[in-house]
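The values are calculated or read from the model by the stated rules, or taken from the named source; none is laboratory data. From a predicted model like this one, the values you see are computed outputs, not experimental measurements. Don't worry about glycine lacking a Cβ; one is built from the backbone with ideal geometry, like all the others, and counts go over all protein chains shown. Note: areas computed on protein heavy atoms with side chains; ligands, DNA, RNA excluded. Shrake-Rupley method; radii C 1.70, N 1.55, O 1.52, S 1.80 Å.
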Amino acid sequence: MSGKTFKPTSVDEHIGQRVQLRRLMMGLSQKDLAKICGVTFQQIQKYESAGNRISASRLFELSAALETPVSFFFMGLPGNMPEPTRSGKLPRVSEQKADDPLAKNESLQIINLYWRLPSDDQRKMVMKMLKSLNGA
């Protein structure tokens with residue numbers, strides 16, 4: 001990088017968050033994903049935190065390992081081709097709202113555990129319990 005310090009962009013951060021999201025949805029640890037991809041778990045940590053930029057070929061490998069199309073990592077980015085601002089810079093990706101329940105790891109864990117229940121009857125019982133706890 002010709003001596004310049006790497007500074008992640010909002011797109012790098014977004015893609016890293018999407019890698020983490022999909023990994024958690026699949027119930028994989030960073031170590032599990034690293035083993036599948038043939039890298040260290042520290043490298044996965046750096047990808048997820050945008051400490052390291054993910055190359056196109058690595059993103060393709062990650063999409064295969066995480067059983068999702070490459071386009072998954074770009075979902076939620078505004079538009080297909082960002083328009084530069086008047087200053088000539090690309091706009092920042094809007095931050096996810098802190099109160100968005102789907103942005104929380106606990107939500108993903110609940111969804112993952114819910115769909116791992118072995119029967120529809122058990123899922124109905126969990127849903128009934130959640131509705132009861134919420135007064136619905």
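The table for this structure:
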quantity: Selection within the stretch 46-56 - part of a helix (DSSP H, G or I) and open to solvent by 80 Å² or more (accessible area, probe 1.4 Å); calculated: Lys46, Ala56
quantity: Matching residues in the stretch 57-74 - criterion: being open to solvent by 80 Å² or more (accessible area, probe 1.4 Å), more than 13 Å from Glu13 (Cα to Cα) and either among the basic types (Lys, Arg) or under 12 Å from the mean Cα position of the chain (by Cα) (or both); calculated: none
quantity: Subset of the stretch 12-39 [open to solvent by 60 Å² or more (accessible area, probe 1.4 Å) and touching a Lys or Arg at 6+ places or on another chain (Cβ under 9 Å)]; calculated: Asp32
quantity: Residue check for Leu117: of a type in the set (A, V, I, L, M), at pLDDT 80 or above and either touching a strand residue (DSSP E or B) at 6+ places or on another chain (Cβ under 8 Å) or open to solvent by less than 70 Å² (accessible area, probe 1.4 Å) (or both); calculated: yes
quantity: Selection count, the stretch 15-43, where residues are part of a helix (DSSP H, G or I), more than 19 Å from Gln109 (Cα to Cα) and free of Cβ contacts under 8 Å to residues at least 24 places away in the same chain; calculated: 5
